[in-house]
Amino acid sequence: MPTFQAPRGTADRLPAEQKYWRYIESHATGVARRFGYGRIDSPMFEDAGLFVRGVGEGTDIVEKEMYVFEDRGGDQLTLRAEGTAPVCRAYLEHGMHNQAQPVRMYYLCPVFRYERPQAGRFRQHHQFGVEAIGDGDPSVDAEVIELAWTFIHGIGLSDITLLTNSIGDAQCRPEYIAALKSYYEGQTSNLCPDCRQRLGRNPLRLLDCKVETCRALGEEAPKSVECLCAECQIHWDRVRSYLDAAGIPNRVDHRLVRGLDYYTRTVFEIQPAVEGAQSTICGGGRYDGLIEQLGGRPTPGIGFGSGIERLALNLRRAETSVPDEPSPRYLIATIGEDARVEGVRLASRMRNAGVGAILANGGRALRGQMRQANALAVAATLIIGEDEVRDGTVVVRDMQTSSQETVPVDQFLQQAAG
RNA sequence: GCGAGCAUAGCCAAGUGGCCUAAGGCGCCUGUCUGUGGCACAGGAGAUCACGGGUUCGAAUCCCGUUGCUCGCCCCA
């Protein structure tokens, strides 16, 4: 017999860990609602071209991480590789520019990338993300960042750092990159081999290299916020002052650059205090060129994505207390076949009345059924034997106090439902 | 895509070439207790020792390959 296991980089989410997910999701939807964001669910797969165009041809995601397949009709499709491009596609497809701007949306969905799995990284992971499309005002930047901050604080992760930066726009970024390049070109002998490669392809990436000598060079390198054009400068100053007004502490990190091509101006990340390679739990930024890139009129937008697996990992690490999933309070134990029938009847009536009930494994002696009640940690066990069947009663045993009383079935139902 | 470590029952694990037809613990099931849990005691089920090949009289144990997992790099959430 062949055996199967979950595909590499994927994981079963077992009942025992569901509480973390329910907890995170309910906080996410709650925060989104308070900020006025409406939920959007887009398809799990899209036209492959959407991501190629949206995320950028040279990015790792497009170059080597997308799940691309051809369907039976010959269309090239891609499992959702990222959250923002599909939302922008929907914005265009449904003419959302006719709604009040910005259009505020959030999503909670799986994302697929073909990567080497490791701590906090999977081939299928899940993101909570928001997008505010159609208004380039810096107050929207601050709003989105505040939403992220509020969300992560709300789930109980308080030892976190918000990093911000501005990487300019189509006007000023080329100049900045040129400045950066010429700075590093004078230092090539001090660069690590990786960085020498990056210099040609993606100079921004030199900034976040971890090699000691490169780090030192990065400290001295030209900073993007020093090369902003006038508009970007004003935008950046306002974002910062709005963040101050909202009381959101943040640290400007000149080395913060993001790997997706579409980012402009404001970029940000939230990091937990615990060191780890895959530590970023939230990342986002402004993408004012993306909608146009996808065939729409120039439309500003900003958003973030937050990895739920990483959030859950951090909740566990921080030993944050997370409420248990509600489970039935009652287990029904029966003795004999006649009682069994009554047990089935009672369970059914209870559930119809909105009361949770589990029928014990009837093949076992009462003793075994009681053990089961204990293992399932129910609040009370309902026992039905010959006497109870005859009298139309049920024994209600409180598992905590070990006290029990015999009550008429109807009376019990009324009490339990009320 | 690159580098490193690991792989024994559902989980944790002993075992480092021959009393291994594989210890122990958790969990599960049964009994002690004919209709009453948590404790204790007794018993039971559950393992092609990841897979394939090799070395050897003999392999869970040594070697090679494959697969998987974990960790790091790259990148990202």
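The values are calculated or read from the model by the stated rules, or taken from the named source; none is laboratory data. Remember, predicted model here, so these are calculated numbers, not experimental data. All Cβ positions, even for glycine, are placed from backbone atoms using ideal geometry, and neighbour counts span all protein chains on display. Accessible surface is based on the protein model in full, side chains and every heavy atom, while ligands, DNA and RNA are left aside. Shrake-Rupley method; radii C 1.70, N 1.55, O 1.52, S 1.80 Å.
Only one of these is open to solvent by less than 50 Å² (accessible area, probe 1.4 Å), within 14 Å of RNA strand B (Cβ to nearest atom) and under 23 Å from A:Y23 (Cα atoms): A:L315, A:L376. Name it.
From the options A:L315, A:L376, the qualifying one is A:L315.
Mind telling me which of the residues A:V407, A:V355 ends up being modelled with pLDDT of 95 or more, within 15 Å of RNA strand B (Cβ to nearest atom) and outside any helix (DSSP H, G or I)?
Working: A:V355 fails: within 15 Å of RNA strand B (Cβ to nearest atom).
Only one candidate passes the filter, namely A:V407.
Report, by residue number, each residue of region A:282-299 that is surrounded by fewer than 23 Cβ atoms within 10 Å (Cβ to Cβ), in contact with a Phe, Trp or Tyr (Cβ under 8 Å, 6 or more places away or on another chain) and in a loop (DSSP other than H, G, I, E, B).
A:G289, A:G296
Any residue at all in region A:247-258 that is under 18 Å from A:P174 (Cα atoms), among the hydrophobic types (A, V, I, L, M, F, W, C) and within 16 Å of RNA strand B (Cβ to nearest atom)?
For region A:247-258, residues under 18 Å from A:P174 (Cα atoms), among the hydrophobic types (A, V, I, L, M, F, W, C) and within 16 Å of RNA strand B (Cβ to nearest atom): present.
Going residue by residue through region A:277-299, is there one that turns out to be modelled with pLDDT under 95 and more than 26 Å from A:V87 (Cβ to Cβ)?
For region A:277-299, residues modelled with pLDDT under 95 and more than 26 Å from A:V87 (Cβ to Cβ): present.
Name the one entry in A:D338, A:D324 that is modelled with pLDDT under 95 and away from RNA strand B (no atom under 12 Å from the Cβ).
A:D324
Does region A:100-139 hold any residues that are out of contact with any helix residue (DSSP H, G or I) (no Cβ under 9 Å at 6 or more places or on another chain) and away from RNA strand B (no atom under 16 Å from the Cβ), and which are they?
A:A100, A:Q101, A:D135
Working only within region A:70-83, note down all residues that are open to solvent by 10 Å² or more (accessible area, probe 1.4 Å) and within 16 Å of RNA strand B (Cβ to nearest atom). Working first, answer last.
Going residue by residue through region A:70-83, those that are open to solvent by 10 Å² or more (accessible area, probe 1.4 Å) are A:70-77, A:79.
Within region A:70-83, just A:L79 meets the criteria.
Test A:L331 against the stated conditions and say whether it is within 15 Å of RNA strand B (Cβ to nearest atom), part of a strand (DSSP E or B), open to solvent by less than 50 Å² (accessible area, probe 1.4 Å) and in contact with a helix residue (DSSP H, G or I) (Cβ under 8 Å, 6 or more places away or on another chain).
yes
What's the total number of residues in region A:188-208 that are without any contact (Cβ under 8 Å) to a residue 24 or more places away in the chain and of a type in the set (K, R)?
Of the residues in that region, 2 qualify.
A:S42 passes all but one of (1) open to solvent by 80 Å² or more (accessible area, probe 1.4 Å); (2) modelled with pLDDT of 95 or more; (3) in a loop (DSSP other than H, G, I, E, B); which number fails?
For A:S42, the exception is condition (1).
Given the conditions (1) among the hydroxyl-bearing types (S, T, Y); (2) in contact with a Pro (Cβ under 8 Å, 6 or more places away or on another chain); (3) not in a loop (DSSP other than H, G, I, E, B), which single one is not true for A:S279?
If we test A:S279 against (1) among the hydroxyl-bearing types (S, T, Y); (2) in contact with a Pro (Cβ under 8 Å, 6 or more places away or on another chain); (3) not in a loop (DSSP other than H, G, I, E, B), just (3) comes out false.
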